[in-house]
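Engineer: Got a structure for you, questions after.
The values are calculated or read from the model by the stated rules, or taken from the named source; none is laboratory data. Keep in mind it's a predicted model, so treat the numbers as computed, not measured. Virtual Cβ from ideal backbone geometry, glycine too; neighbours counted across all protein chains shown. Remember, those area values only see protein heavy atoms, side chains included, never the ligands or the DNA or RNA. Shrake-Rupley method; radii C 1.70, N 1.55, O 1.52, S 1.80 Å.
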Amino acid sequence: MSEDFRANAKQLMQGFCRVCPICNGRACIGEVPGMGGLGTAASFHNNVAALAKITLNMSALHGVTAPKTNTTFLGTELKMPILAAPIGGAQFNMSKGFDEEAYIEAVLAGCEDVGSLGCTGDGVPAFIIDAAVKSLSQHKGIPFIKPWEGKELYEKIDRVLACKPVAVGMDVDAAGLVTLRKMGRPVAPMPVSTLSEVVSYVHKHNNTPFIVKGIMTPGDAEKAITAGADAIVVSNHGGRILDHCPGTADVLPAIAAVVHKRIQIAVDGGVRSGTDVLKLLALGADVVLIGRPVCVASVGGGREGVKQYFTTLNQQLNQAMLLTGVENITSITNEIIYHV
Ligand SMILES: Cc1cc2nc3c(=O)[nH]c(=O)nc-3n(C[C@H](O)[C@H](O)[C@H](O)COP(=O)(O)O)c2cc1C
């Protein structure tokens with residue numbers, strides 16, 4: 001992303017985000033609402049640290065000259081295995097009074113421009129879902145709805161289904177979200193039986209796939225599969241839910257082993273480069289989501305900023321694949337990771 005866009009983001013995000021050279025959660029400890037990690041921000045820090053400690057086996061003696069980064073996620077063709085994570089509440093998390101519609105429109109349109117996919121978030125104020133629905137009716141994307149109780153949940157699901165999204169997701173970990181509690185609308189953890197009903201409801205509409213976000217253990221992955229999910233997102237919500245969680249790169253291999261390719265796996269948390277993406281694919285993910293840096297790209301550069309950011313990430317991924325000797329996304333294996 002251009003320096004101009006970053007400088008613009010720095011100005012617009014004052015009081016919310018310092019737009020640090022490396023987005024690692026050190027400058028924004030405890031800033032939730034805001035862009036930081038909850039409490040000591042250990043979960044955010046652990047995401048970044050878990051990725052940083054993984055190293056790659058470099059190899060330049062092979063015949064791979066033009067790696068291909070295209071892939072398929074839940075039946076949708078993508079030019080890269082990198083998606084924008086669902087993020088809601090631009091005006092109280094990112095930039096005072098920032099327009100939610102402008103924010104999410106730039107994310108979905110910018111992602112679409114480069115053959116990626118953007119996700120939309122959800123929250124207490126109606127303007128978050130309103131903006132998501134408006135943008136989803138014009139662009140491909142994946143809405144994530146919070147596990148609300150009663151009719152609010154199904155009303156929101158109906159609204160997003162009407163946009164014919166690629167899939168519908170639910171961040172079940174929102175049960176820990178302090179932002180919802182502060183606005184007087186906390187949500188609770190969801191038993192598998194309730195989750196199954198939600199999944200069946202979504203499946204009944206054009207067989208729309210369902211994604212469960214907020215999986216951090218093999219046991220919860222198995223429960224999501226039991227409930228009928230088509231994909232999971234291994235995620236600790238960017239460290240905004242529960243302090244002292246492990247990094248997602250640390251828990252991913254055991255979860256991937258249990259899932260054993262029965263459903264697809266997305267992962268997020270601290271992903272900042274194409275090399276990070278390659279590491280997570282080698283650890284068992286099918287696609288990777290990126291959160292905070294996409295906010296910076298969208299606030300600072302709009303649709304063009306998002307487009308530039310994803311283009312750079314894809315170039316970095318391509319370069320990393322070239323120097324680890326992998327031809328395409330499906331041939332990435334754990335063998336490219338250096339084991340001491
Ligand atoms: C300001 C902010 C708002 C978020 N809102 C949502 C949301 O509405 N729904 C959701 O599923 N996740 C939400 N998340 C979590 C992200 O989807 C994602 O899991 C996390 O940001 C990934 O970590 P990263 O930011 O280090 O890349 C939010 C994260 C941030 C920073």
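Engineer: Quick check on my filter: what residues within segment 323-340 are exposed (fewer than 13 other Cβ atoms within 10 Å of the Cβ) and of a type in the set (A, V, I, L, M, F, W, C)?
Structural biologist: Matches in segment 323-340: V340 only.
Engineer: Quick check on my filter: what residues within segment 29-63 are within 11 Å of the ligand (Cβ to nearest atom) and under 21 Å from G123 (Cα atoms)?
Structural biologist: E31, V32, P33, G34, M35, G36, G37, L38, F44
Engineer: Counting only residues that are in contact with a helix residue (DSSP H, G or I) (Cβ under 6 Å, 6 or more places away or on another chain), give me the strands (runs of 3 or more DSSP E) lying completely in segment 69-125 with at least 2 of them.
Structural biologist: Those strands (runs of 3 or more DSSP E) span 82-84, 117-120.
Engineer: If you take the residues of segment 164-186 that are part of a loop (DSSP other than H, G, I, E, B) and surrounded by fewer than 20 Cβ atoms within 10 Å (Cβ to Cβ), which of them is farthest from the ligand (Cβ to nearest atom)?
Structural biologist: K164
Engineer: Considering (1) in contact (Cβ under 8 Å) with a residue 60 or more places away in the chain; (2) within 14 Å of the ligand (Cβ to nearest atom); (3) within 23 Å of Q316 (Cα to Cα), say which one G239 fails and leave the rest.
Structural biologist: (3)
Engineer: Also: Residue check: is K146 out of contact with any Gly (no Cβ under 6 Å at 6 or more places or on another chain), open to solvent by less than 50 Å² (accessible area, probe 1.4 Å), away from the ligand (no atom under 11 Å from the Cβ) and among the basic types (K, R)?
Structural biologist: Judged against the criteria, K146 is not a match.
Engineer: Tell me which residues, restricted to segment 234-260, are outside any helix (DSSP H, G or I) and touching a Pro at 6+ places or on another chain (Cβ under 9 Å).
Structural biologist: Passing the criteria: only N236.
Engineer: Could you list, in sequence order, all residues of segment 3-35 that are open to solvent by less than 40 Å² (accessible area, probe 1.4 Å) and without any contact (Cβ under 8 Å) to a residue 24 or more places away in the chain?
Structural biologist: Result: C28, G30.
Engineer: Does segment 49-68 hold any residues that are outside any loop (DSSP other than H, G, I, E, B), within 21 Å of P293 (Cα to Cα) and open to solvent by 30 Å² or more (accessible area, probe 1.4 Å), and which are they?
Structural biologist: A49, A52, listed by residue number.
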